[in-house]
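The structure under discussion is supplied below as structure tokens; questions concerning it will follow.
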Amino acid sequence: MGKTWMIRGESGRLYDTFREQSIAAIGWAEIAGEVKSGMSKKDITELYLQKDPKLKRGTAISGAAQVWRFLNEIEVGDKVVTYSPGNRTYLLGTIKGQAAYRADTAPHGIALVRPTEWLPQEIERDRLSKRAKNSLGSTLTVFVVPDAIAGELLDVSHGKSPGASADDILDPSEAEDDAAESAALLPATRDPLEDIESVALERIKDVVAGLDWDEMQELVAGILRAMGYKTQVSPPGPDRGKDIVASPDGFGFEHPRIVVEVKHRGGQMDSKAIRSFLGGRHKDDRGLFVSTGGFSKDAYYEADRAAVPLTLWTMDTLVRALIEHYNNTDAETKRLVPLKRLYVPA
């Protein structure tokens, strides 16, 4: 049985490109045009340092190791998975060809490319077991997914559930094997604190995803209050396209009057949902549409051309706003998502 690889495209920015072009790709444009299958990690590291003499050697070793794996260890027929932090979804596919350099797209993060056949069904992160979420949390660009987690991804992609016991029946020896495999992927020079911020961000999203709809509405209102607005939260029932109204005076008389719609989970919002929200807005309104399931491409297009200024928040932007303004949030908001500050060397 072949391996399953995680390949992250520019922290999720290339997720849709991977799917639309049937590829999996990595960047490192500085060296991508000169590396070849069969080169050693040492040779790739030295090439990287020649191209960028100011680069720290540890960074060069880490990058070279991932380029080497993409060229030499990934085989045709291996499974591959990629992740969208904004939509919190995974794509699962199969590698169909060898790595090739693309000069035309290298500046855009698509330098070394492998043809890939992606399954049409996206996998929602919220459907995975805690064990799977933790295992897939590494921020390395290229790494091996443990077999048990790969099996769970395949099951969920086929509509099966990982089961409530998926986090409870794990044998301790399996946990040690998973940890050892993950550790083996890290170059010896890699700083274990390097990616702590990105990992913490994803864990916070998991906590926020567990809130119910009423709590999510209160969380969004709490963030807006921390940003300096006063809020009115609609009671349960028909809200005529607004869950929250935020304004400087709290009544919506002073500008800006921000009308907020909150959709918690339930998949991506499309252009129809955007048009429906905009249909009830006044010309002086400002819109904020929050969808923890993300937005489709046509939804972003609809928002860009809207007559009323409109901002779209995914789970990713929501949580980043929460972190940025957390010190100013009230006790009720902190109760919904309790966080603690961690200091590390700058």
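Sum -39500 (n - 2.57) across every DSSP H segment of at least 4 residues in the chain, then divide by the residue count to get the 222 nm mean residue ellipticity, nearest 500.
Working: 13 runs with 124 residues, N = 346.
Estimated from H runs of four or more residues: -10500 deg cm²/dmol.
Where both partners of a DSSP beta bridge lie in the chain, what percent of those bridges are antiparallel, to the nearest 5? Walk me through the intermediate numbers first.
Numbers: 28 of 43 bridges.
Of the beta bridges lying entirely in the chain, close to 65 percent run antiparallel.
Explain nothing, just the number: dipole magnitude of the chain about its Cα centre with +1 on each Lys and Arg Cβ and -1 on each Asp and Glu Cβ, in debye rounded to the nearest 20.
Dipole magnitude for the chain comes out near 780 debye.
7 Å from Cα along Cα→Cβ at both ALA100 and VAL76: what's the point-to-point distance in nm?
So the label points at ALA100 and VAL76 sit 1.2 nm apart.
Further, regarding this structure: Quick one: 3J(HN,Hα) in Hz for the range 36-43, Karplus 6.51/-1.76/1.60 with θ = phi - 60°, rounded, Gly and Pro as x.
9, 4, x, 5, 7, 4, 5, 5
Follow-up. Mind checking which of PRO53, ALA29, TYR83 is farthest towards the positive end of the range 1-84's charge dipole, using Cβ charges of +1 (Lys, Arg) and -1 (Asp, Glu) about the Cα centre?
PRO53
Restricted to Cα positions, what overall size does the range 209-336 have along the principal axes? Three whole-Å values, descending.
In descending order, the Cα extents are 37, 34, 29 Å.
If you rank ASP104, ASP155 by fewest surrounding Cβ atoms within 10 Å, what's the result?
Lowest to highest Cβ neighbour count: ASP104, ASP155.
How large is ³J(HN,Hα), in whole Hz, for each residue of the range 101-109 in order, when computed from phi with the Karplus curve 6.51 cos²θ - 1.76 cosθ + 1.60 and θ = phi - 60°, using x for Gly and Pro?
For the range 101-109, the Karplus curve yields 8, 10, 5, 5, 10, 4, x, 9, x Hz.
Quick one: plug the Kirkwood hydrodynamic radius of the range 12-129 (C-alpha pairs) into Stokes-Einstein at 37 °C, 0.692 mPa s, and report D in µm²/s.
218
What residues qualify as long-range amide H neighbours of PHE143, i.e. H under 5 Å apart, gap of 5 or more or another chain, H built at 1.01 Å from N?
Amide H to amide H, under 5 Å and 5 or more residues apart or across chains, PHE143 pairs with MET6.
Quick check for me: using +1 on Lys/Arg Cβ and -1 on Asp/Glu Cβ, what's the dipole size of the range 209-336 about its Cα centre, in debye to the nearest 20?
260
Taken together, the values in this text are just the output of simple stated rules run on the coordinates, not laboratory data. All values reported here derive from a predicted model rather than from experimental measurement. No Cβ is skipped: glycine too gets one built from the backbone with ideal geometry, and neighbour counts run over all protein chains shown.
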